[in-house]
Every structure is written in C-alpha cells, then in structure tokens.
1. Please compute the length gained on full extension between Asn462 and Lys35, using 0.36 nm multiplied by the number of residues separating them and subtracting their Cα-Cα distance.
2. Calculate the length of the line joining the C-alpha centroid of the stretch 361-417 to that of the stretch 258-279, in whole Å.
3. Give a quick list of GluC sites (Glu not before Pro) in the stretch 569-599 that DSSP marks as loop, anything other than H, G, I, E or B, with at most 14 other Cβ atoms within 10 Å.
4. Along the charge dipole of the chain, which of Val445, Gly150, Val614 sits closest to the positive end, that is, farthest toward it, with unit charges on the beta carbon of Lys, Arg, Asp and Glu (+1, +1, -1, -1)?
5. Would you mind checking Lys96/Lys282; Lys269/Lys362; Lys40/Lys83; Lys61/Lys628; Lys239/Lys269 for any pair whose Cα atoms are more than 29 angstrom apart?
6. From the protein chains alone at 1.4 Å, what is the descending order of accessible area for Glu274, Glu173, largest first?
7. Provide the per-residue ³J(HN,Hα) series for the stretch 597-614, in order, calculated from phi with Karplus coefficients 6.51, -1.76, 1.60 and θ = phi - 60°, each as a whole number of Hz, with x at glycine and proline positions.
8. Roughly how many percent of the accessible protein surface of the chain is carbon and sulfur, given a 1.4 Å probe and a whole-percent answer?
Amino acid sequence: AFLENVVQHEHFLNGEYNTSFIDDTPELFVFPRRKDRGTKMLTFIGETIVNGYPGLEQQKKPIFSALRKPEVDEDAPMPSGSKQVLDERGTDGLVKWLKDQERTLLTDTTFRDAHQSLLATRVRSHDLLNIAEPTARMLPDLFSTEMWGGATYDVAMRFLHEDPWERLLNLREKMPNVLFQMLLRGANAVGYKNYPDNVIEEFVKTSASAGIDVFRVFDSLNWLPGMTKAIEAVRNSGKLAEAAICYTGDILDPNREKYNLNYYKELAKTLEAEGAHILGIKDMAGLLKPEAAYQLVNELKETIDLPVHLHMHDTSGNGVFTYARAIDAGVDVVDTAISAMAGSTSQPSMESLYYALKGTGKEPALNVEAASKLSGYWEDVRAYYQGFESGLIAPHPEIYEHEMPGGQYSNLQQQAKAVGLKGQWDDVKDMYARVNTLFGDIVKVTPSSKVVGDMALYMVKNDLTEADIFEQGNSLDFPESVVEMFQGEIGQPPGGFPPELQRIILKNREAYTDRPGKHMEPVDFEDLKTKLFTELDRQVTSHDLMNHTMYPKVYEEYEQFRNYFGDVSVLDTPTFFYGLRLGEEIEVEIEPGKTLIVKLISISKPSDAGDRIVYFELNGQPREVIIKDRS
Ligand code: PYR
C-alpha cells in the first residue's frame with residue numbers, strides 16, 4: 001500500500017461515510033507531505049549521477065552532437081493521409097483504397113520495431129515526440145507508422161519509467177494524418193502469456209479509442225485459436241485487423257516440409273475466413289529469401305482476396321532484394337524504417353528501397369529528401385542509445401541458421417549479460433538453434449522465442465546438452481516459461497509438442513490442448529478499479545487498469561517510481577541515462593510553459609553510511625539531495 005489514510009479506511013471503501021466521518025476520524029486526513037516536482041527530479045538526476053542507469057555501464061556523460069531536427073511550418077495545414085481515408089471511408093473503404101494503389105506502400109517502423117530490434121526497445125517518448133510532427137508533415141504518404149505494441153509496452157514502464165498510453169495519446173496528437181499501427185500478440189496482448197478473453201477485448205477497445213487504427217495480430221505458434229478473440233475485438237472496434245502468419249523455416253528447402261508453401265496458404269485462407277482485413281506476413285527473423293518471397297506472395301495473392309503486408313528484418317542483408325521480389329509478385333505494403341534506424345536486425349531502409357525501385361512505376365510515394373533529413377535526426381538520437389546496441393555492425397547471414405527474431409537479438413543479449421553469459425554469446429546463439437530442434441522446430445516469435453531463449457540460457461549456463469535433458473531431466477528444474485509453454489499456456493504448435501520431452505519437462509503437471517482463455521477467470525475491472533483507487537490515491541483510468549492487468553508487478557513498481565521521482569519522461573535522453581556533468585545546466589520543460597533550470601554544482605564524498613550529497617542549483621536556488629552510493 002502506498003498511503004495510510006482515508007482511502008484505505010473500510011468505511012470509506014464500503015461507501016459508509018457521511019459528513020461526520022471527517023470529524024470523527026481526523027487522523028485519516030493527514031496525507032504524507034509529498035516532495036515537490038523539482039526535488040523529485042533532482043533526486044532522479046542525483047541517483048543517475050551517483051549510481052548510473054541500470055543496464056548501462058557507468059561512464060562520464062559523453063558529448064553528443066547537436067540534434068539535426070528538420071524545420072517544418074507548424075502553422076501550415078497538416079497534409080491529409082491514410083488516417084483520413086480510414087475515417088472517411090471506413091475499414092472496407094480503406095481496404096479498397098489499398099488494393100487500388102499502383103505504387104508500393106510503406107509502413108514506417110522507426111517508432112517501434114526498428115528500435116526494439118536495434119536498441120533493446122529503449123527509445124524514449126521524448127525522442128519520438130520531438131520528431132513526430134515533422135515526420136507526419138514530411139512523410140504523409142505512408143500507409144502507416146508502427147509506433148506501439150510489441151515490447152514497447154512493458155519496456156516503457158519497466159525501464160523508461162513512462163506510461164505507454166501517454167506515449168500513444170501524445171503521438172496521436174502530433175500525427176493526425178497517418179494510420180497508427182500496433183503489434184498485438186493475439187491472446188498474449190502485449191505480454192508474454194495468455195490473458196482472459198475479456199482482457200483482450202478491453203485491451204483492444206481501449207487501444208482503439210486511444211488512437212490505434214491497424215492491429216497486426218499474430219500468434220507465436222501460428223495457432224489460430226490464439227488469434228480469433230483479438231481479431232474479433234478489432235473488428236468490433238471498427239478498426240483494421242491485419243492478421244499475420246509468422247514465417248519460419250524455408251519454403252524453398254524440401255527438408256523443412258513442416259512449414260511449406262501449402263502450410264502458409266492454408267493458414268492465410270483461415271485468417272481470411274476469420275475476418276482479417278489485411279493479411280500480414282510476419283518474417284520476424286528475416287528468413288524469407290527473395291525467391292521464396294516471390295512464390296509466397298504470388299501464391300497468397302491467388303489464394304485469398306486480401307491486401308498483403310510484408311514485414312521482415314534485414315539481418316541477413318538480403319532485405320531489399322526480398323522486398324523487390326515480393327513487389328514483383330504484387331505485395332501491397334512493406335515494412336521499412338528511416339535509414340539511420342534501418343538495416344541489420346531492423347527493417348530494410350525506406351530510402352534504399354525507394355532508390356532501388358525508382359523508375360519502375362512501383363516506387364513508393366516518398367519524398368526521399370525529406371526522409372533523408374529525418375534520418376539525420378535519427379542518426380544523432382541513436383548515439384544516445386549506444387549502450388544498447390547489439391554490436392552487430394555487418395550483415396549477419398548466420399540468421400538463416402539460428403533463426404532468432406530481430407526484435408529478440410539485442411534483448412536476449414541484454415538477458416545473457418544479466419545472467420553472466422556476456423562472453424558466451426556465440427554459445428547462446430548456437431544453443432538457440434539446438435533448442436528449436438529439441439522443441440520440434442517451432443515458430444519463434446514473442447513469447448515462444450523468449451521460451452527458446454530462456455531454455456538456451458539455462459542450458460548454456462548449466463552446461464547441459466540435449467542428451468543431458470533426456471537423461472537428467474527428472475531432476476532438473478526447468479525455467480518456468482518452458483514448463484508453461486509445454487503445458488499449453490501459450491497455445492499449441494503445429495503437430496504438437498514432442499511427447500517424451502513434454503513428459504520430462506512437465507513432470508507431474510498436466511498438459512492441455514484447448515484455448516487457455518477458456519479456463520481463465522475474467523478480470524473484474526470494477527473490482528480492480530476500487531482496489532487501485534485505494535492503492536494509488538487518485539482517479540483510476542482505463543489505462544491504469546490495463547497497465548495493472550498486463551503487468552501487475554511492473555506497474556506497481558512504475559507507480560512507486562513515479563511517486564518517488566516524478567515524471568522523468570520530460571528529461572532529455574543524455575541526462576536521463578548519464579545525469580549531468582559538473583557545472584552543466586539544463587532546462588527541463590515539466591509541463592507546457594513551465595520550465596525548470598537545473599545545474600549540477602558538486603558531489604560530496606560518501607559518508608560512513610555510504611551517502612553522498614549532490615548539490616544543485618534549481619532555478620538559481622541552491623538545493624541538495626542525499627543519494628546512497630551503491631557502488
Ligand atoms: C514482439 O512481439 O514484440 C515482436 O516484435 C515479435
């Protein structure tokens with residue numbers, strides 16, 4: 001509990017209070033005095049100065065170059081775009097419009113998957129909001145901007161200490177012309193496990209009213225029952241359901257017959273029948289080779305009557321070649337990123353694709369000079385996040401062997417580092433492929449990819465081979481995510497789990513094959529609202545309810561953090577990660593028109609108790625905060 005006061009009193013909770021309640025129980029109306037916003041902010045900056053930012057090696061704040069932010073006329077009318085097509089013509093009208101386009105359409109993933117894949121999802125709202133309006137004005141012909149969902153939701157709260165919903169609402173305000181797209185993990189929503197059906201319904205409804213237009217819905221095992229509720233909820237919200245097949249294996253390889261062309265065609269037909277507006281091909285690892293892309297898109301176009309939207313990662317370096325062949329076969333939309341945030345584990349570069357297609361009649365409607373200016377901004381911003389780079393600086397054709405999703409690469413690397421396997425990354429990658437074989441060759445994308453990753457870390461860490469798993473399995477304590485997946489908690493893979501391995505992993509636990517949502521209690525949101533009202537001591541929004549439902553623990557810590565340090569999303573990124581240099585002065589706009597001026601004066605040596613005093617000037621007045629030095 002956060003506060004011991006009136007909102008926790010049982011009479012208040014029961015509604016049994018009247019005007020004498022205050023007179024009878026005055027002690028309940030003493031609220032703890034909270035620190036003002038300035039002090040909270042200084043405490044956070046002081047904490048970062050003394051102890052560094054978790055996950056980043058502590059170092060002196062680097063000198064970054066000035067941001068190249070393109071100038072736009074903010075008074076000019078906002079150019080209209082795909083968002084207006086949807087709003088004016090509805091979902092069916094939008095689909096028709098999409099099919100009528102001669103040119104290739106682009107989704108820009110810079111705000112979501114690009115940084116999820118390159119920078120461990122760490123790009124902050126501050127840096128997104130700063131470039132949102134220029135992007136909307138300079139790239140109005142995008143089909144969509146993917147800016148939410150996937151891992152951004154929990155990373156926002158967990159590591160960036162910001163509310164994902166505020167990001168969505170603020171971006172929507174600055175970008176009113178382009179469709180907003182999110183990645184939704186079917187029955188796993190934006191989490192790593194299945195949620196009750198009513199949670200999926202509420203989550204989709206809430207996201208739709210906060211501004212999401214296109215929901216890319218997938219299941220991490222390509223299991224249809226894991227997607228149906230989400231597709232239905234999107235349709236009921238009047239938004240676009242882009243149901244995606246996850247591409248794994250290699251349709252050109254006759255030895256990988258589990259995931260052959262026919263498998264994908266059948267899946268696509270089913271998704272069309274389920275009410276998808278658009279078919280997504282989600283090549284999360286970048287395994288779709290150019291000729292395979294041609295065959296797949298060509299056959300899908302003959303099999304179904306939906307626009308096809310191709311997503312891939314450029315890890316192998318073959319991305320633009322794959323897109324060019326998919327475009328030859330008539331793909332409607334492809335996922336790209338601004339070049340400074342493209343390539344490698346991210347999406348192929350939109351400018352590169354534009355130049356590759358120029359003059360063919362298929363080139364996207366793109367102001368390439370504008371895109372290149374935006375790229376300058378991203379090149380500068382990316383430097384802030386250098387501590388989260390994967391280290392992959394060249395094409396990585398090994399991807400065809402280990403099949404690790406682009407969005408997982410830099411995140412698993414952070415996980416490996418955290419469990420002491422920093423020096424064994426090659427072993428982890430190798431084990432990742434072996435675990436996939438052990439598991440019977442499954443689709444690997446969040447959360448199934450995380451399970452494969454957890455098992456790979458576990459085996460490398462404990463020096464286990466496949467044979468050890470079978471021989472010593474009964475006495476091994478497998479990672480919880482592995483046990484849950486083999487129980488059926490995230491659905492069923494094509495052909496089921498290997499039975500012998502399943503028995504070893506589950507021990508006495510029971511496995512089931514029906515939809516997990518079927519035997520989960522619905523969340524009572526009214527009840528939760530009352531409970532949160534008590535804990536938070538403020539009005540509870542639908543966004544709070546969702547944050548709590550998706551990630552109860554992460555959300556609680558986020559709220560505690562916010563109470564203690566305030567809203568840190570207003571800080572510039574270098575200060576957020578590295579604090580201040582001695583004598584450095586920054587301006588922080590804590591709300592429109594209200595600015596704090598913060599200057600670092602000095603830092604004391606630690607006391608015997610390990611405390612340091614950090615001396616600042618806040619708007620010219622001396623202020624100090626005491627920070628425990630944890631080094
Ligand atoms: C995600 O679910 O986060 C992916 O990017 C696949």
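The values are calculated or read from the model by the stated rules, or taken from the named source; none is laboratory data. Here the structure is a predicted model, which is why all the values come from computation and not from measurement. No Cβ is skipped: glycine too gets one built from the backbone with ideal geometry, and neighbour counts run over all protein chains shown. The protein model used for the area step is the full one, side chains on, heavy atoms only, and it has no ligands, DNA or RNA in it. Shrake-Rupley method; radii C 1.70, N 1.55, O 1.52, S 1.80 Å.
1. 149.1 nm
2. So the separation of the two Cα centres works out to 29 Å.
3. Of the GluC sites (Glu not before Pro), the ones in loops of the stretch 569-599 whose Cβ has at most 14 other Cβ atoms within 10 Å are Glu584.
4. With unit charges placed on the Cβ atoms, the residue in question is Val614.
5. In this structure, Lys40/Lys83 lie more than 29 Å apart at Cα.
6. So the residues, ranked largest to smallest area, are Glu173, Glu274.
7. Karplus values, whole Hz, x for Gly and Pro: 10, 10, 10, 8, 9, 6, 10, 7, 5, x, 6, 4, 7, x, 8, 10, 9, 9.
8. Here carbon and sulfur together make up 48 percent of the probe-accessible area.
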